[in-house]
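What follows is one structure encoded as structure tokens, with my remarks underneath.
Quick note: the coordinates plus some simple rules give every number you see, no bench work behind them. Please read these numbers as outputs of a predicted model, since none were measured by experiment. Positions of Cβ are generated from backbone atoms using ideal geometry, with glycine treated the same way; all protein chains shown enter the neighbour counts.
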Amino acid sequence: MVEGNSFKEIADQIFSSRQSVKKYLVRFGIPLRMEDRRITGSHVFGFKKRNRRAVPNSKEQEIINRIGSLKNKGFSYEKIAEILNVVGIGTKKKAIWYPKTVRQVLLR
């Protein structure tokens, strides 16, 4: 059973890396638990900072879901970034989207 375990604990159980575990959780639509994570630096897309803790941002979570849906339909990171920019959806800092940014958001 992996519910409630950290990425490291899951990775150790299945002899894999933490990054691989995160990648597959995202790929299969399993939400990543970040409520207990303290934020000391920059904000993470999909979450807002409240009392130095990450709290889900519902509007950004919806954008992440849309990005995941587009990726599951076969769109490339480049095309997804282009769509987000054309529609006028900005990043956390209201900047334009790049393929690398789209990829990083999906891997978190």
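Observations on the model:
- Extending 7 Å from the Cα toward the beta-carbon at both Ser58 and Lys23 defines two label points whose distance is 3.4 nm.
- Which listed pairs, of Lys73/Lys94; Lys71/Lys100; Lys59/Lys94; Lys22/Lys93; Lys59/Lys93, have C-alpha distances above 22 Å, in listed order: Lys73/Lys94; Lys22/Lys93
- Net charge over other residues, Cβ less than 12 angstrom from the Cβ of Thr91 (K, R count +1; D, E count -1): +3
- Estimated vicinal HN-Hα couplings, Hz - the stretch 66-77 in sequence order (Karplus 6.51, -1.76, 1.60; Gly, Pro = x): 5, 4, x, 5, 4, 5, 5, 7, x, 6, 7, 4
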